[in-house]
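Colleague: Following this message is one structure expressed as structure tokens.
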Amino acid sequence: MPAERRSMLQLLIDDADLEAFDAAVAEARTRGVCPEALAEVERDRAIALRLRETLIRHRRNEAELQLLNDTATDLASLRDLDSILQAIADRARRLVECDLAYISLSDHGRGDCYIRAAAGNISGLLVGLRLPTGAGLGGMVARTGEPYSLESYTRDATITHTGPIDRTVTAEGIESLLGVPVKLKQEVIGVLLAAHRAVRSFSSRDITALSMLANHAAVAIESSRLLTAAQTAVEDLRVANATIGSHVGDLERTAEVHERLSKLVIQGKGVEEVVHATAAVVPGHVLVVDEHGATVATAGGDGDEPPPGLAEAGIEARRSGHTLVRDRLCVVPMITESEPLGILVHLGTTSISETDRRILERAALVAALVLVTRRRMAEAEARVRGELLGELLSGKPQDYDLLRHRAAILGVDLDACRVLVVAHLDGAARERTYPALAALARRFRGLATHHHDTVVLLAPGEDARAVAHAAARELSRATRNRVTAGSACVSHPTAVGTAHDEAAKCMRALLALGRHGETATAGDLGFVGTLFNGRPDVAGFVTATLGPVLVYDREHHADLVRTLEVFCQTNQNARSTAQLLHLHHNTVSQRLARVGRLLGAGWRDADRLLEIQVALRLHSVSGT
């Protein structure tokens with residue numbers, strides 16, 4: 001084999017560059033080989049160059065295949081879409097050996113596409129750039145679904161140019177561009193692009209290689225989307241399962257509370273027990289406020305004072321007929337078909353949950369049921385007792401044995417009822433006092449009823465003043481109203497009407513005197529009681545007022561009554577009294593001191609002195 005041919009083969013083996021092959025031909029010329037041998041060397045050089053090109057192409061194909069294989073492997077391990085797209089841009093840049101590669105995704109909602117990832121970019125304008133359908137190379141590929149390349153973007157007139165795209169191309173220094181569609185089942189979901197910053201044509205091999213990478217990208221993108229959808233579905237299922245579990249727990253808790261509250265109703269418990277049971281399951285201050293703003297029951301708080309702003313919130317809740325939630329305050333109206341009963345209020349440390357709101361609404365319903373039941377029972381009991389007392393007050397002939405029997409059924413000893421109280425309640429509605437009447441009658445083991453505009457109580461006892469005071473206090477506490485009451489003793493069931501007249505006149509006298517909220521008997525009112533009494537006891541009044549002075553004068557043959565009369569006539573002037581009685585001033589002072597000891601401290605007070613003057617005048621007129 002000639003040396004020149006061996007030289008060409010050695011150059012192929014050594015993977016020499018083109019200059020080495022040219023140098024071998026030049027060397028043969030220099031050595032002066034014959035023309036036939038020189039032509040043979042040049043033919044060997046041409047064959048070697050073709051072989052070299054084939055080897056380079058094979059190596060390049062092998063590298064591309066290896067790169068695509070590595071890309072497929074890497075993409076399979078990635079899960080995040082942004083990471084996948086960035087890996088595709090990086091591999092596209094290496095695969096085509098370009099200056100810049102980037103990938104855009106279709107936005108079906110807006111009808112265009114936008115660049116999502118890039119490799120080799122030098123400006124901040126590329127990623128996020130939107131490509132209207134048909135605009136720019138990427139928009140054209142997205143519209144046609146076919147690969148497209150151009151050697152000079154700025155000079156190509158076939159491309160639809162836009163200001164944002166052209167500014168980005170200029171900022172990146174792009175000249176040549178190649179774009180291939182990223183397809184999934186014939187649907188273009190994006191565009192993969194490669195760019196050079198110098199004028200250069202793209203070969204069919206470049207188009208094929210980039211298209212193969214785009215196919216890998218489509219599979220990876222779809223896998224990422226499916227994985228994300230699956231993860232989202234799993235998370236949605238987890239959240240739904242947790243929500244269902246929470247709802248089931250809430251339903252079980254609500255049912256348990258409802259069962260507990262229902263048992264309280266069945267057991268005949270009151271609103272207080274309902275409120276305490278509610279506070280035990282919904283931590284916070286729970287209270288029931290009636291329609292007049294008075295607190296009926298409370299639990300879970302430091303006191304029974306309503307929270308600030310409750311009045312306005314209660315009005316709004318009752319007007320709307322729905323639960324009102326305002327910050328930490330929850331107000332539930334208690335409304336029946338016939339009447340409003342008030343509100344159930346909860347004041348917590350945090351905003352109330354939907355489950356706790358439903359529990360409070362159930363508690364309000366149960367509390368309303370308890371209140372309505374208690375009121376109806378109280379009304380029925382008050383009517384039964386009231387009817388019996390009404391017959392005693394009627395003044396008509398009665399079968400008192402039958403009345404005693406009916407009273408005994410109610411647990412009342414009619415013959416032991418020796419006190420009658422007539423009470424006036426400031427501003428209290430009659431329907432609101434029925435529970436108070438029933439409670440009052442049970443408390444005093446007697447009978448109570450409405451009579452005209454007053455409350456009448458017939459109760460056992462000997463001290464009319466004490467019974468009236470206790471009854472007024474009980475009525476005031478139950479109704480939250482001021483109570484003015486008069487009382488009288490009852491000698492026999494047949495005298496109930498007479499005692500009522502005396503107690504009513506006493507009560508009216510208190511109101512006429514402006515002594516609201518007080519209790520008294522006719523004797524407590526002195527001469528006023530005597531005036532209002534239908535059976536005036538003049539001697540009894542004189543004795544009650546002046547008795548000790550009269551007794552002293554009689555036993556000591558003194559003249560204190562006369563001294564007292566003159567003292568009152570002279571407007572309580574001791575010197576004038578001494579002059580009129582022809583006594584020394586000291587003597588009058590000593591007599592007045594004696595009167596003070598006999599009548600007690602305060603005898604010179606205006607009200608007391610007025611009674612003394614009336615008693616002196618009645619004593620003088622009657623001649624007793």
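The values are calculated or read from the model by the stated rules, or taken from the named source; none is laboratory data. Just so it is clear, the structure is predicted and the values come from calculations on it, not from any experiment. Every residue, glycine among them, receives a Cβ derived from its backbone with ideal geometry; neighbour counts consider all protein chains shown.
Colleague: Sort out which residues of the range 75-110 are of a type in the set (S, T, Y), modelled with pLDDT of 80 or more and within 52 Å of the chain's Cα centre (by Cα), and write them in order of number.
Modeller: Residues satisfying the conditions are S83, S104, S106.
Colleague: For the range 207-215, state whether one or more residues are under 21 Å from L129 (Cα atoms), surrounded by 21 or more Cβ atoms within 10 Å (Cβ to Cβ) and in contact (Cβ under 8 Å) with a residue 12 or more places away in the chain. Even if it seems obvious, please write down each step before you answer.
Modeller: In the first step, residues of the range 207-215 are kept if they are under 21 Å from L129 (Cα atoms); the result is 214.
Those still in the list that are surrounded by 21 or more Cβ atoms within 10 Å (Cβ to Cβ) too: 214.
Filter once more, keeping what is in contact (Cβ under 8 Å) with a residue 12 or more places away in the chain: 214.
Within the range 207-215, one or more residues are under 21 Å from L129 (Cα atoms), surrounded by 21 or more Cβ atoms within 10 Å (Cβ to Cβ) and in contact (Cβ under 8 Å) with a residue 12 or more places away in the chain.
Colleague: Of everything in the range 23-62 that's of a type in the set (V, I, T) and within 30 Å of D206 (Cβ to Cβ), which residue is modelled with the lowest pLDDT?
Modeller: Among residues in the range 23-62 that are of a type in the set (V, I, T) and within 30 Å of D206 (Cβ to Cβ), the one modelled with the lowest pLDDT is I56.
Colleague: Something else now. Would you kindly identify the strands (runs of 3 or more DSSP E) lying entirely within the range 232-336 that contain at least 2 residues that are modelled with pLDDT under 80 and surrounded by fewer than 18 Cβ atoms within 10 Å (Cβ to Cβ)?
Modeller: Qualifying strands (runs of 3 or more DSSP E): none found.
Colleague: Here's something else I'd like to know. Quick one: which residue in G245, G268 is on the phi > 0 side of the Ramachandran plot and either among the basic types (K, R) or without any contact (Cβ under 8 Å) to a residue 24 or more places away in the chain (or both)?
Modeller: Selected residue: G268, the only one of G245, G268 that is on the phi > 0 side of the Ramachandran plot and either among the basic types (K, R) or without any contact (Cβ under 8 Å) to a residue 24 or more places away in the chain (or both).
Colleague: I'd like the full set of residues that are in a strand (DSSP E or B) and farther than 12 Å from D426 by Cβ, limited to the range 456-484.
Modeller: Once the filter is applied, which keeps residues that are in a strand (DSSP E or B) and farther than 12 Å from D426 by Cβ, the range 456-484 yields V456, L457, L458, A459.
Colleague: Would you check which residues across the range 530-554 are part of a helix (DSSP H, G or I), of a type in the set (S, T, N, Q) and at pLDDT below 75 and list them?
Modeller: T530
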